[in-house]
1. Kindly provide the set of residues from the stretch 45-71 that are modelled with pLDDT under 90 and open to solvent by less than 50 Å² (accessible area, probe 1.4 Å), ordered by number.
2. Go through (1) in contact (Cβ under 8 Å) with a residue 24 or more places away in the chain; (2) buried (at least 19 other Cβ atoms within 10 Å of the Cβ) one by one and return the number of the condition Ser277 breaks.
3. Can you spot a residue in the stretch 31-44 that is surrounded by 18 or more Cβ atoms within 10 Å (Cβ to Cβ) and of a type in the set (Ser, Thr, Tyr)?
4. Scan the stretch 56-82 for residues that are closer than 15 Å to Val97 by Cα and either in contact (Cβ under 8 Å) with a residue 40 or more places away in the chain or of a type in the set (Phe, Trp, Tyr) (or both) and jot them down.
5. Could we say that Phe117 is in contact (Cβ under 8 Å) with a residue 24 or more places away in the chain, within 26 Å of Arg40 (Cα to Cα) and within 17 Å of the chain's Cα centre (by Cα) here?
6. With respect to the numbered conditions (1) out of contact with any strand residue (DSSP E or B) (no Cβ under 6 Å at 6 or more places or on another chain); (2) aliphatic (A, V, I, L, M); (3) modelled with pLDDT of 95 or more, which one is the sole condition not fulfilled by Leu87?
7. Which residues, taken from the stretch 321-363, are over 23 Å from Glu148 (Cβ atoms) and among the small types (Gly, Ala, Ser)?
8. Among the residues of the stretch 323-346, is any modelled with pLDDT under 95, assigned to a helix (DSSP H, G or I), open to solvent by 80 Å² or more (accessible area, probe 1.4 Å) and closer than 18 Å to Leu274 by Cα?
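The values are calculated or read from the model by the stated rules, or taken from the named source; none is laboratory data. Since this is a predicted model, take the numbers as computed values, not measurements. Cβ coordinates were reconstructed from backbone atoms using ideal geometry, including for glycine residues, and neighbour counts include every protein chain displayed. The accessibility values were calculated without ligands, DNA or RNA, using every heavy atom of the protein model including side chains. Shrake-Rupley method; radii C 1.70, N 1.55, O 1.52, S 1.80 Å.
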Amino acid sequence: MLDSAAMDVELAGTAGPAGWPRPGCRCACCGRGLAAGRSRRPAAAILDGVLRIGPDGPAPGGAPPGYQVSALPGGWEVTAPDGGRLLAAAGQGTVPVPPDGAAPYRVLLLDLAGQPFQLGELARRGLVAPGAQVAAWFMDDRISSEAELARRCALWGATAPADGARLATPRPAPASGPAPRPARTLVLGGARSGKSAEAELRLAAEPSVTYLATGPAPDPAADPDWARRVAAHRARRPAHWATAETRDAARSLRCPENSAILWDGAGSWLTAVLDESGCWDQPAPRPGWAGRVAAAVDELVSAWRQAPGRVVAVSDEAGSGVIPATAAGRLFRDQLGLLNQRLAAESEEAVLVVAGRVIALPG
């Protein structure tokens, strides 16, 4: 049963134990904060004006009458006299783990700088109440800037509030209504640009995600480097995400059971399509290869346009480097560029990732 109680939480501090910017730190992130005259105190919150809670739990003296404070693995939960509930992380890098059967929370103070994927797991378990306030806590220079942390929080329906901010619940709806999340997002970038990590972050708050892998299955004996790359991607993904390894991307995109899909990525899918088309056959390409490729791309784009759930796709931006030295390389580059254009044209949002920084591409 969801509680309908209101809560009022004042954030006396929002940073890590040393504050932010950290004293004496010369990193670019702390330097930006100092130059802008911003500062944050160590994390602490005051609930309903009577209960102060921080990384070590309630202030000395314990909780006032009527308030229940319980220690959890990685955090604390508070239940107010009127039934309102708060979940708080116990420190940087910690993830609070409520017990099975816990009621939803109206306020969640979490280390989103270090552990954003906990949001999806909490949502999957039904622990984020409608209208809940989800706020970043223990903010520090693990993220390149306050602006970058705020950008990420906006993707997750969370906030990066300033010291002294008040989180009243239920969260008031904006006059214009909530901004709809894009149904289709195309994330472009070069090699090691950070494009896959950016795509993953965009779905961190989703309760159910299917990772659509259309690349070749890893074979450590034949290609140990590819096997290591696949293993690194798997290790980075949240445990509650499902994985679909298939070349039939169009079918997966159309599947109504996939509420959110991360497709990584278009380049590996296109490689398989080109392989199957016969365009590489020697001494001459198989007749009709271009038509087969065009038909596969048409089917994919049609599925992309009508995908019933939210989709984030990753693709390589292959046209910014040197011209490939081989005819095969030039063919792949040209076909991928055309595919990217078509996917971007059918996407509500497209971004380019360069050296880990995200540039929104206007529609």
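1. Listed by number, the residues that qualify are Ala59, Gly62, Ala63.
2. (1)
3. Checked the stretch 31-44: no residue is surrounded by 18 or more Cβ atoms within 10 Å (Cβ to Cβ) and of a type in the set (Ser, Thr, Tyr).
4. Trp76
5. It is true that Phe117 is in contact (Cβ under 8 Å) with a residue 24 or more places away in the chain, within 26 Å of Arg40 (Cα to Cα) and within 17 Å of the chain's Cα centre (by Cα).
6. (1)
7. Applying the first criterion (over 23 Å from Glu148 (Cβ atoms)) to the stretch 321-363 yields 321-346.
Answer for the stretch 321-363, where residues must be over 23 Å from Glu148 (Cβ atoms) and among the small types (Gly, Ala, Ser): Gly321, Ala325, Ala327, Ala328, Gly329, Gly337, Ala344, Ala345.
8. Scanning the stretch 323-346, I find at least one residue that is modelled with pLDDT under 95, assigned to a helix (DSSP H, G or I), open to solvent by 80 Å² or more (accessible area, probe 1.4 Å) and closer than 18 Å to Leu274 by Cα, so the answer is yes.
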